Amino acid sequence: MTNIGKRNPHRIPLMGRWHYSRGELIADGIVHAVGIVLAIAAGAALLALAAPRTGPGEYLAAIFYVVALLTVLSVSLAYNLWPVTSPVKWVLRRFDHSAIYLLIAGTYTPFLAQLDNTPAAKWMILLVWIAAVSGIAVKVALPGRFDRLAVVLYLAIGWSGLVLAGPLVAALSASSLALIVSGGVVYSLGVVFFAWHGLRYHAALWHGFVIVAAGLHLAALLDTLVIGRL
């Protein structure tokens, strides 16, 4: 693997980062497959139950969250299992890392929509999306650059909702807030495994944390848009 990378360093950048065994790839594939199946089932249930209980804007935001989640898991599956000797993996890497920004912004939007279109909520949604689009632009235009900074930006955007902690506490139920915060904590803890390249099965562990955290946020959305309105 290393020799191939030396012979063709420009076609397969950062090739030396991937040293996954067959067992690690199988474990990661299983984690992704389970996550995709659960996301389809839970996402479909959420959209079916929320349809008669939400306004057009809220429902569109919920659809976007489900689509963003499925996009992240599907692209991640393709990227992580794609042969390292193929330059296609480098292209998929751009989409994989960009999709994370999409999911973060897509997660925030339906919850911020609960703030009754207040100026603060509108500005927050705008800023989150500007940050996400900027991050995507960097990942697409400058692949492999600023990776450590990107992790910081992921976390910064993810926890930026603390700026509107007061209005969110007033607008959302205690159970929804607990699920949202728990999801954020799980995502943040998972970053440890994302960065721990020397740990065997670190990719499968990281993606497991992603699926659990996304599930908590989907449950919070279900609680906000459906259960809280019964």
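The table below gives the values:
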| item | result |
| --- | --- |
| Pairs where the first residue, in the stretch 17-41, is in contact (Cβ under 8 Å) with a residue 40 or more places away in the chain and the second is among the acidic types (Asp, Glu) and surrounded by 15 or more Cβ atoms within 10 Å (Cβ to Cβ), C-beta under 9 Å, 6+ apart | Tyr20/Asp28 |
| Selected residue (only one of Leu179, Leu172 is under 19 Å from the mean Cα position of the chain (by Cα) and over 18 Å from Tyr79 (Cβ atoms)) | Leu179 |
| Residues that are crowded, with 22+ Cβ neighbours inside 10 Å and of a type in the set (A, V, I, L, M, F, W, C), drawn from the stretch 67-93 | Leu69, Val72, Leu73 |
| Single residue of Gly190, Gly228 found to be within 17 Å of Leu73 (Cα to Cα) and either in contact with a helix residue (DSSP H, G or I) (Cβ under 7 Å, 6 or more places away or on another chain) or surrounded by fewer than 19 Cβ atoms within 10 Å (Cβ to Cβ) (or both) | Gly190 |
| Answer residue from the stretch 47-58, given it is without any contact (Cβ under 8 Å) to a residue 24 or more places away in the chain and aliphatic (A, V, I, L, M) and is farthest from Ile125 (Cα to Cα) among those | Ala48 |
| Number of the exception - Ser182 against (1) part of a loop (DSSP other than H, G, I, E, B); (2) over 30 Å from Lys89 (Cα atoms) | (1) |
| Qualifying residue in the stretch 138-159 (condition: acidic (Asp, Glu) and at pLDDT 90 or above) | no |
| Pairs where the first residue, in the stretch 82-96, is among the aliphatic types (A, V, I, L, M) and the second is part of a loop (DSSP other than H, G, I, E, B) and surrounded by 15 or more Cβ atoms within 10 Å (Cβ to Cβ), C-beta under 7 Å, 6+ apart | Val84/Trp18; Val88/Trp82; Leu92/Trp82 |
| The lone exception for Gly144 - which of (1) assigned to a helix (DSSP H, G or I); (2) exposed (fewer than 14 other Cβ atoms within 10 Å of the Cβ) it fails | (1) |
| Count of residues meeting criterion [over 13 Å from Gly183 (Cβ atoms) and among the hydrophobic types (A, V, I, L, M, F, W, C)] in the stretch 197-230 | 9 |
| Single match in Ser160, Ser176, Ser182 (criterion: over 17 Å from Leu112 (Cα atoms) and either surrounded by fewer than 21 Cβ atoms within 10 Å (Cβ to Cβ) or among the polar types (S, T, N, Q) (or both)) | Ser182 |
| Matching option when the condition is without any contact (Cβ under 8 Å) to a residue 24 or more places away in the chain and not in a loop (DSSP other than H, G, I, E, B), among Ala62, Ala44 | Ala44 |
| Residue, surrounded by the most Cβ atoms within 10 Å (Cβ to Cβ), within the stretch 94-126, restricted to residues that are of a type in the set (Ser, Thr, Tyr) and over 16 Å from Thr54 (Cβ atoms) | Thr107 |
| The stretch 103-140: number of residues that are part of a helix (DSSP H, G or I), over 20 Å from Leu216 (Cα atoms) and hydroxyl-bearing (Ser, Thr, Tyr) | 1 |
| Residue count for the stretch 193-225, restricted to those that are surrounded by fewer than 19 Cβ atoms within 10 Å (Cβ to Cβ), touching a residue at least 60 places away in the same chain (Cβ under 8 Å) and more than 15 Å from the chain's Cα centre (by Cα) | 3 |
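The values are calculated or read from the model by the stated rules, or taken from the named source; none is laboratory data. No experiment lies behind these values; they were computed from the predicted model shown. Note that we place each Cβ from the backbone using ideal geometry, even for glycine, and neighbour counts take in every protein chain shown.
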